[in-house]
Amino acid sequence: MSFLTIEHLEKSFGTNRVVQNFNLTIEKGEFVSLLGPSGCGKTTVLRMVAGFETPSTGRIVIGGKDVVNLRPNQRNIGMVFQAYALFPNLTVADNIGFGLKVAGRPRAERTARVAEMLKLIGLPDLGDRFPFQLSGGQQQRVALARALAPSPQVLLLDEPLSALDAKVRVSLRNEIRAIQKKLGITTIFVTHDQEEALSMSDRVVVMHGGRAEQVGTPFEVYNRPATKFVANFVGMLNTLEADVIDPATGRVRIGGTETSLRRALPAGRVTLAARPEMIALGVQPGRDTILEGKITSVDFLGSVIRIRARVDGSELAFDTFNSTDAPPPAPGSDVRLSLLASDLLLLQDP
Amino acid sequence: MNLWVRITGWLAFVLAAGYMLVPLFGMTEFSLKARRGVYSLDAYARVIGDTEFQATFGYSVTLALATIVLGVLIVVPTAFWVRLKMPWARPFVEFLTLLPLVIPAIVLVFGYIRLYNTSSFLPLTGSAAGTNLLLALGYTVLALPYMYRAIDTGLRTIDVPTLTEAAQSLGAGWVTILWRIVLPNVMVAVLSGAFLTFAIVIGEYTLAALLDRPAFGPYLQRIGTNKPYEPFALSVISFAITWACMGLIQLATRLSKHTKAQR
Ligand SMILES: Nc1ncnc2c1ncn2[C@@H]1O[C@H](COP(=O)(O)OP(=O)(O)OP(=O)(O)O)[C@@H](O)[C@H]1O
Ligand SMILES: [Mg+2]
């Protein structure tokens, strides 16, 4: 029996249906991300779990109890907001202790718990500061501690890192994940940043137009995208038009090259896709398909070099590692690219 | 900067300052002349020693405090709720709170007397306590434009919806949210509203006179028609009170520690 179940959840604002037939089950202690473009309904789903929005239809069950009719302050849920939302009139310690104070816990217990939380977020000496005396990253850590202090059943985070600069964002996401694992708290994390979702989560829900298009581990979502949208949204993708010669064995023609995907394909013209890391520069052992192309651009990014090449009317992007004795090819030069045909993804509409 | 612009600027300032300060100076000077030939505080001593002054002043201070409490209790939750749940209603509420500036107090008080006279459904004017309550409610209405503006502006400096949701997710109900989060964060605004209310109520005449209450305003008026020097001493005192209120507003703004970052 899963810990958190969302069944047939729907939400409309007027005639605008922003969440449609949304289903999700989460195990206790699991970290699940809702990933999707702006306006796809991620926040709305999260706010329905928190109780700030009422579902038009559907059920939300937490720990065996239907919470749809409970008010937000009765749900025992911790929430972290994009804008930190610390209480400006309270010190860091009082912010963290707020939930315990509201719950009427005795002072000694509160003090101990606040100290424990401050240690957990690595700011043991900042309890007496006011929020405006903290950096953004520190404020967000305090917000996390405040949400966790009353030991909620579920932790909800709505794009908690998007107001921070890149370096802090990466270190804080590792920290959040470490704390989440340590406490074993069931967590839903909303983001539109795929790197965040893939690197932090046990499972990712890719949302599009108010629906969950795919639910799976980061590995599954990235390597076996269920729909065209998921394939395009998660990770970088090169598309190749191909003519299927033999649907049963998966023989196709891509430009001037014939190759086989070794699995059944629909007949006619199909769209195949390749991640940048599937494509290698030059003829490489173990790769059965060679494509001829012309380099269009070379971006030197440091340890990796991103190269784009035009192959049969479509542009392919791929990366090579920097190497001190082999300079990258020049734009305009002819190249051969190699890949393993069975790696290619078939893009289909759901 | 152009020299002429600067000179004209100063000239305007000096003229405006003179326009306001000269009468004040004259008034103060005259109030000190109660003893022939020398400056003295005789007028002030007589005013402050007057038991009626003490009684009416005490009455008005009490009423001002009651008005402030009533105003805060009405305005803080209202402004909070409008910001949180009905932002579309803000212009209407603002218009409503501005009505007391448009409707003369005399109209207001006749309305009250008609509505709450001894033969009405709620005979407030039938007893002293009832009339006091009516007066406090009337003052609350008179102070509404200032109170509402101040508090609504104060609410603008915090993210009301998000802070409310944060508090709710931590288990807080509405009373806790208002008392522990909203009120402390708009305290400076509440204080400015409070001092303005105080300044208004202390000198108010129309409502107090027509409801026949022993307030400071009617007392001022009575003294003014009967005595030579005392009215001027009283005026100076009233000015001092108003200015003290303004000074306290400034002080409150300076002293609030957690709002410094937003300035
Ligand atoms: N209170 C509301 N009233 C009307 N429409 C709303 C309301 N809240 C959200 N919407 C609409 O619902 C849709 C989904 O909004 P939501 O905030 O859930 O998106 P999101 O996936 O969180 O996007 P973002 O990444 O930009 O935060 C949007 O089209 C939005 O305009
Ligand atoms: Mg959102």
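For the stretch A:76-85, a residue qualifies if it is assigned to a loop (DSSP other than H, G, I, E, B) and at the interface with another protein chain (Cβ under 8 Å from one of its Cβ atoms), and the qualifying residues are A:Asn76, A:Phe81, A:Ala83, A:Ala85.
Tell me, yes or no, whether the stretch A:102-123 has at least one residue that is among the charged types (D, E, K, R), open to solvent by less than 10 Å² (accessible area, probe 1.4 Å), more than 16 Å from ligand 1 (Cβ to nearest atom) and within 24 Å of A:Ala50 (Cβ to Cβ).
no
Screening A:Ile176 with (1) within 16 Å of ligand 1 (Cβ to nearest atom); (2) assigned to a helix (DSSP H, G or I); (3) open to solvent by less than 50 Å² (accessible area, probe 1.4 Å) gives one miss only, at (1).
Suppose we filter the stretch A:155-184 for residues that are within 14 Å of chain B (Cβ to nearest Cβ) and more than 16 Å from ligand 2 (Cβ to nearest atom); how many remain?
Residues in the stretch A:155-184 being within 14 Å of chain B (Cβ to nearest Cβ) and more than 16 Å from ligand 2 (Cβ to nearest atom): 1 in total.
Checking each residue of the stretch A:9-23 against the condition of being open to solvent by less than 10 Å² (accessible area, probe 1.4 Å), within 12 Å of ligand 2 (Cβ to nearest atom), out of contact with any Lys or Arg (no Cβ under 7 Å at 6 or more places or on another chain) and farther than 19 Å from A:Val234 by Cβ gives no match.
Tell me, yes or no, whether the stretch A:199-207 has at least one residue that is more than 14 Å from every other protein chain (Cβ to nearest Cβ), surrounded by fewer than 15 Cβ atoms within 10 Å (Cβ to Cβ) and outside any loop (DSSP other than H, G, I, E, B). There is at least one residue in the stretch A:199-207 that is more than 14 Å from every other protein chain (Cβ to nearest Cβ), surrounded by fewer than 15 Cβ atoms within 10 Å (Cβ to Cβ) and outside any loop (DSSP other than H, G, I, E, B). Of the residues examined, B:Phe57 is one that is closer than 19 Å to B:Gly217 by Cα and surrounded by 15 or more Cβ atoms within 10 Å (Cβ to Cβ). Inside the stretch A:1-23, residues that are within 21 Å of A:Leu183 (Cβ to Cβ) and either hydroxyl-bearing (Ser, Thr, Tyr) or within 14 Å of ligand 1 (Cβ to nearest atom) (or both) make up a count of 1. Among residues belonging to the stretch B:171-214 that are away from chain A (no Cβ under 11 Å), over 19 Å from B:Tyr148 (Cβ atoms) and not in a helix (DSSP H, G or I), point out the one that is least open to solvent (accessible area, probe 1.4 Å). Looking at residues that are away from chain A (no Cβ under 11 Å), over 19 Å from B:Tyr148 (Cβ atoms) and not in a helix (DSSP H, G or I), I get B:Leu211.
From the residues in the stretch A:235-287 that are among the polar types (S, T, N, Q) and open to solvent by 50 Å² or more (accessible area, probe 1.4 Å), which one is farthest from A:Leu316 (Cα to Cα)? Among those that are among the polar types (S, T, N, Q) and open to solvent by 50 Å² or more (accessible area, probe 1.4 Å), it is A:Thr249. Scanning the stretch A:110-140 for residues that are within 14 Å of chain B (Cβ to nearest Cβ) and in contact with a Gly (Cβ under 8 Å, 6 or more places away or on another chain) turns up A:Arg110, A:Arg113, A:Val114.
Yes or no: B:Val141 in contact with a helix residue (DSSP H, G or I) (Cβ under 8 Å, 6 or more places away or on another chain), in contact (Cβ under 8 Å) with a residue 12 or more places away in the chain and open to solvent by less than 30 Å² (accessible area, probe 1.4 Å)? In short, no. A search for C-beta distances below 9 Å between a residue of the stretch A:24-38 that is away from ligand 1 (no atom under 16 Å from the Cβ) and any residue that is open to solvent by 10 Å² or more (accessible area, probe 1.4 Å) and of a type in the set (Phe, Trp, Tyr), counting only pairs 6+ apart in sequence or on different chains, returns A:Thr25/A:Phe3; A:Ile26/A:Phe3; A:Glu27/A:Phe3; A:Lys28/A:Phe3; A:Gly29/A:Phe3; A:Glu30/A:Phe3.
Filtered by the rule that a residue be basic (Lys, Arg) and within 26 Å of the chain's Cα centre (by Cα), the stretch A:44-94 gives A:Arg47, A:Arg59, A:Arg75. Within the stretch A:288-297, one or more residues are touching a residue at least 24 places away in the same chain (Cβ under 8 Å), open to solvent by less than 70 Å² (accessible area, probe 1.4 Å), over 30 Å from A:Gly36 (Cα atoms) and part of a loop (DSSP other than H, G, I, E, B). Of the residues A:Asp202, A:Asp193, the single one that is charged (D, E, K, R) and at pLDDT 95 or above is A:Asp202. Selection over the stretch A:36-75 of residues that are in a helix (DSSP H, G or I), open to solvent by less than 30 Å² (accessible area, probe 1.4 Å) and within 16 Å of ligand 2 (Cβ to nearest atom) gives a count of 7.
Of the listed requirements (1) open to solvent by less than 40 Å² (accessible area, probe 1.4 Å); (2) in contact (Cβ under 8 Å) with a residue 40 or more places away in the chain, B:Ala89 misses just one: (2).
Apart from one condition, A:Leu156 fits all of (1) assigned to a helix (DSSP H, G or I); (2) open to solvent by less than 40 Å² (accessible area, probe 1.4 Å); the exception is (1).
The values are calculated or read from the model by the stated rules, or taken from the named source; none is laboratory data. The structure presented is a predicted model; accordingly, all values stated were derived computationally and were not measured. In this analysis, Cβ positions are derived from the backbone assuming ideal geometry, glycine residues included, and neighbour counts consider all displayed protein chains. Heavy atoms of the whole protein, side chains included, go into the accessibility calculation; ligands, DNA and RNA do not. Shrake-Rupley method; radii C 1.70, N 1.55, O 1.52, S 1.80 Å.
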